[in-house]
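Peer 1: Sharing a structure here in C-alpha cells format.
The values are calculated or read from the model by the stated rules, or taken from the named source; none is laboratory data. The structure presented is a predicted model; accordingly, all values stated were derived computationally and were not measured. Note that we place each Cβ from the backbone using ideal geometry, even for glycine, and neighbour counts take in every protein chain shown.
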Amino acid sequence: MRIKKGLKTGEVFVFLFLALLSFVILVPFVYLFTSSLKTNAQYFKIPIEWIPSPALWSNYYYVFVDLKFYVYMWNSTFLAASSVVLSVLSSSLIAYGFARFRFPYRNAMFIVVIATMMLPSQVSMIPLFIYFKSIGWLDSYKPLLVPQLFGSAYLIFLIRQFYITLPREVDEAATIDGCGYLRIWWHVIMPQAKPVLVVSALFVFLASWKDVFGPLIYLSDRSAYPLAVGLLYFTSPTSNAYTLILVAIVIALIPTLLFFILSQKYLNKGVNIANLK
Amino acid sequence: MGIERREKLAGLLFVSPWMVGFLLFGIFPMAVSAYLTFVKWDFLREPRWVGLSNYVEVFQSPIFYKAMVNTLIITFGSSLIYLVLGVIVAAMLAKDYLGSNVFRAIIFLPSLVIGTALAMMMGPVFGNGKYGLLNQVLSMLGMPNQSWLTEPGQAVWVIVGMSFWYLGSSVIIYLAGIKGIDPSYFEAAMIDGATGLQQFYKVTIPLITPVLLFQTIMGIIGGLQVFDLALTLSSEFKTGGMGNDNSLATLVFYLYSLAFRDYDMGSAAVVGWTIFIISLLLSMVIFRLSRRFQLFGEEESK
C-alpha cells in the first residue's frame, strides 16, 4: 500500500515537471506564430495579444510568393535530397566493404573512420575553401555535394554496425546462385537494412538542412542560398513590417514539422540501432 | 584467382571511396592547414612565410581569449544541461502514461529546427526593453528588465539557455538506451523494494554509461563548433561585428571572421588547429574519467 502511494506522488511530480518543461519549450513557438499574423502596430502592443484580431493570413502568401521565399525552400530541399542520395549510397557501399570482406589493415582503417567522426571539420575548412576556389567551384553547389560522394564517417560506422548483425547465410546462398558482390549489396543487403538507411537519410537530411557555414562561405548569389542562410539575409521590404520576418521564420519551421511526422515511424526503431555499438 | 584474393580486392575496392575521400578532404587539407599557420595570405598576393607570427598574433589577441571563454561556457553549459536534464527527462519519458507521447513529441521537435531560425525566433523573446517577452514576464514579477543580447557577458548565457530547445536530440538517444535495458533488471530492483529514484541511479544510469559517454563527447564536439546561433544573435554580423564588444564571439565565429572578413587565412588556420586540439584533449579527458566511473560498459557494448 505504501509503495503504491509513493509511486503515485512520484508520477504526479513527473507529469508536472514534463508539463512545465513542455510549456517553456512551446511558449516561444506560440508567440512566434501568433505574432506572425499581426501587423507591426499589433505586434508592439502591450499587453500581448495572444489571439490576434484581425489575423493576417495574407502575410504568409506575401512572404512565400511575392517575396520569393519559396526559392530558398526549393534550394534547401534540392541540396538536402541530393546529399541524402549521394551520402547514403556511398556510405552504405563502404560499410558493406568493412562489414563483409577481409582485407589488410581493415580494422586499423575502421578505427580511423571512428576517429574522424570525433574531429571537428573546421581545421580543414580553410584549405578546402582555397582548393574549391582555385578550381572554380565557388558559387556552385559542388563544394557542398561532391564531398558527399566519399561517404561520411558517422554513417559508415552506423550502417556497418547494422550490417554485421545481418545473417551471412543469405549472402552465401546468393553467391552460390551466381550473384556478384555488387548485386548482393543491392538486392540482398540493402533491402534488409531499411531501418538503418532511413535513419541515416534522416541524419544527412537534417545536417544539410541545418548547415550554415558551408553555404555561407561557398555561395554568394543570394538566390542560391538555402533556407538556413536565406533566412539570415531576409529583410522586409519596408521598415515597418517586422512581422514579415516572423512569417519567414514560421515558414522555415514548417518543413521540419512535415519531416518529423514522416520519420516518426522509423525513428524509434532506428535510434535503437544507433546504440548497438 | 583464388576466392580469398578476390575477397581482398573487392573489399578494398568497396572502401576505396572512403580512402580517397580521407586523403582529399582529410589528410591533404590538414597538411595544407598546418602550412597555412606559418604564412600570411589574403588571396591577392602570394603567400608569404612569416614563421610563428600568426600564432603570436592570435594568442595575443584579446578577442581570441573572449572567443575561447565563450566557447567553453557554451560547451560546458550546454553539455551539462544535455547530460543531467537529458537523462532525467529520458528516464521520465521511458514509462508510458498519460500524455507521454505528447511530451516526447514536444521535447523532440525543436531539435529539428534550423539554428538560424531558432535564434531568430528567440530574438523577440530576449528582446531589449519592454518589448521582450522575457522582460514582460520579469516586470510582471516585479523584477528589472535586462538587456539580454547587448549586455556584454550576458549574451553567451542566452546561447546556453537555448540548449533547452535542443534537449530533444540527446533525450531521444538516451530514451533508446533506456528502452534497450532488459526489463528484468527493473523487476528485480522492484522486488527488492527499490523506489523509482533508486532504480534510476542504481539501474538506469550504470547501464547506459556507454551511451552517456558517446553522446557527451559528440555534444562537446558540437558545442566547440557553435557558430550559427552566435552569428544570428549578433545582429551586427552583416557589418562585421561579433556582438556588442565581441560578446558573441566563439572560436568558429572568430575563425570565420578572420578568414572571410579580414582575409587572413594564416591566423584563421591557427584558430582551426586550436579547435582541433581542444576537441582532442576534451575527448581524451572524458575517456579517462569514464574509465574510472564506468561500472558495466565494456561487457554491455559488444
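Peer 1: If you take just the helices (runs of 4 or more DSSP H) that sit entirely in segment B:1-108, which of them hold at least 3 residues that are under 30 Å from A:PHE15 (Cα atoms) and away from chain A (no Cβ under 14 Å)? Give the steps one after another, and end with the answer.
Peer 2: Numbers: elements: B:3-22, B:28-36, B:53-60, B:62-80, B:86-94, B:100-108.
The helices (runs of 4 or more DSSP H) meeting that bar are B:62-80.
Peer 1: Considering only segment A:9-31, state which residues are under 16 Å from B:ALA91 (Cα atoms), at pLDDT 90 or above and not aliphatic (A, V, I, L, M).
Peer 2: A:PHE17, A:SER22
Peer 1: Which one of B:ALA189, B:ALA155, B:ALA176 is of a type in the set (A, V, I, L, M) and touching a Leu at 6+ places or on another chain (Cβ under 7 Å)? It would help to see each step written out before you state the result.
Peer 2: Numbers: B:ALA189 fails: touching a Leu at 6+ places or on another chain (Cβ under 7 Å); B:ALA176 fails: touching a Leu at 6+ places or on another chain (Cβ under 7 Å).
Result of the check over B:ALA189, B:ALA155, B:ALA176: B:ALA155.
Peer 1: Still on this model: Can you tell me which residues in segment A:114-127 are surrounded by fewer than 22 Cβ atoms within 10 Å (Cβ to Cβ) and at the interface with chain B (Cβ under 7 Å from one of its Cβ atoms)?
Peer 2: Start the filter on segment A:114-127 by keeping residues that are surrounded by fewer than 22 Cβ atoms within 10 Å (Cβ to Cβ), which leaves A:114-121.
A:THR116, A:MET118, A:LEU119, A:PRO120, listed by residue number.
Peer 1: Restricting attention to segment B:10-50, which residues are loosely packed, with under 14 Cβ neighbours inside 10 Å, closer than 27 Å to A:CYS179 by Cβ and over 35 Å from the mean Cα position of the chain (by Cα)?
Peer 2: none
Peer 1: Check A:LEU93 against each of (1) over 17 Å from A:PHE203 (Cα atoms); (2) buried (at least 16 other Cβ atoms within 10 Å of the Cβ); (3) modelled with pLDDT under 90 and name the one condition it does not meet.
Peer 2: (3)
Peer 1: With a cut-off of at least 3 residues that are at pLDDT 90 or above and under 21 Å from A:TRP209 (Cα atoms), name the helices (runs of 4 or more DSSP H) lying wholly within segment A:99-157.
Peer 2: Working: elements: A:106-117, A:122-134, A:142-145.
Here the list reads A:142-145.
Peer 1: Quick one: A:VAL63 ticks every box in (1) part of a helix (DSSP H, G or I); (2) at pLDDT 85 or above bar one, so which box is it?
Peer 2: Every listed condition holds for A:VAL63 apart from (2).
Peer 1: Determine, yes or no, whether B:PHE76 is within 18 Å of the chain's Cα centre (by Cα) and not aliphatic (A, V, I, L, M). Steps first, please.
Peer 2: On the way: within 18 Å of the chain's Cα centre (by Cα): yes; not aliphatic (A, V, I, L, M): yes.
Yes: the conditions hold for B:PHE76.
Peer 1: Same structure, new question: Could you pull out the residue among A:ALA95, A:ALA174, A:ALA193, A:ALA201 that is away from chain B (no Cβ under 12 Å) and touching a Lys or Arg at 6+ places or on another chain (Cβ under 8 Å)?
Peer 2: Working: A:ALA95 fails: away from chain B (no Cβ under 12 Å); A:ALA193 fails: touching a Lys or Arg at 6+ places or on another chain (Cβ under 8 Å); A:ALA201 fails: touching a Lys or Arg at 6+ places or on another chain (Cβ under 8 Å).
Answer to the selection: A:ALA174.
Peer 1: Turning to a different aspect of this structure: Could you say which residue among A:LEU18, A:LEU79, A:LEU26 is under 23 Å from the mean Cα position of the chain (by Cα), outside any loop (DSSP other than H, G, I, E, B) and either over 30 Å from A:LEU144 (Cα atoms) or among the charged types (D, E, K, R) (or both)?
Peer 2: Numbers: A:LEU18 fails: under 23 Å from the mean Cα position of the chain (by Cα); A:LEU79 fails: either over 30 Å from A:LEU144 (Cα atoms) or among the charged types (D, E, K, R) (or both).
Exactly one residue qualifies, and that residue is A:LEU26.
Peer 1: Also, quick follow-up: Tell me which of these B:ALA117 doesn't satisfy, since it passes every other one: (1) in contact with a helix residue (DSSP H, G or I) (Cβ under 9 Å, 6 or more places away or on another chain); (2) farther than 13 Å from A:LEU246 by Cβ; (3) free of Cβ contacts under 8 Å to residues at least 24 places away in the same chain.
Peer 2: The one condition B:ALA117 does not meet is (2).
Peer 1: In the set B:GLY161, B:GLY127, B:GLY132, B:GLY180, which member is within 19 Å of the chain's Cα centre (by Cα), surrounded by 15 or more Cβ atoms within 10 Å (Cβ to Cβ) and of a type in the set (Gly, Ala, Ser)? Show your work before the answer.
Peer 2: On the way: B:GLY127 fails: within 19 Å of the chain's Cα centre (by Cα); B:GLY132 fails: within 19 Å of the chain's Cα centre (by Cα); B:GLY180 fails: within 19 Å of the chain's Cα centre (by Cα).
B:GLY161 is the lone residue from the list that is within 19 Å of the chain's Cα centre (by Cα), surrounded by 15 or more Cβ atoms within 10 Å (Cβ to Cβ) and of a type in the set (Gly, Ala, Ser).
Peer 1: Out of segment B:109-134, which residues are of a type in the set (Gly, Ala, Ser), closer than 14 Å to A:PHE29 by Cα and more than 7 Å from chain A (Cβ to nearest Cβ)?
Peer 2: B:SER111, B:ALA119, B:GLY123 - these are the residues of segment B:109-134 that are of a type in the set (Gly, Ala, Ser), closer than 14 Å to A:PHE29 by Cα and more than 7 Å from chain A (Cβ to nearest Cβ).
Peer 1: Quick check on segment B:184-197: of everything there that is at pLDDT below 85 and not small (Gly, Ala, Ser), which residue is nearest to the chain's Cα centre (by Cα)?
Peer 2: So the residue we want is B:LEU197.
Peer 1: Looking only at residues that are hydroxyl-bearing (Ser, Thr, Tyr) and within 12 Å of another protein chain (Cβ to nearest Cβ) in segment A:135-162, which one is surrounded by the most Cβ atoms within 10 Å (Cβ to Cβ)?
Peer 2: Here is the first cut: in segment A:135-162, the residues hydroxyl-bearing (Ser, Thr, Tyr) are A:140-141, A:152, A:154.
Add one more test, that the residue is within 12 Å of another protein chain (Cβ to nearest Cβ), and what stays is A:152, A:154.
Details: A:SER152: 27, A:TYR154: 21.
Among those residues, the one meeting the criterion is A:SER152.
Peer 1: Would you mind finding the one in B:PRO206, B:PRO210 that is touching a residue at least 60 places away in the same chain (Cβ under 8 Å) and within 12 Å of chain A (Cβ to nearest Cβ)?
Peer 2: Working: B:PRO206 fails: within 12 Å of chain A (Cβ to nearest Cβ).
Unique residue meeting the criteria: B:PRO210.
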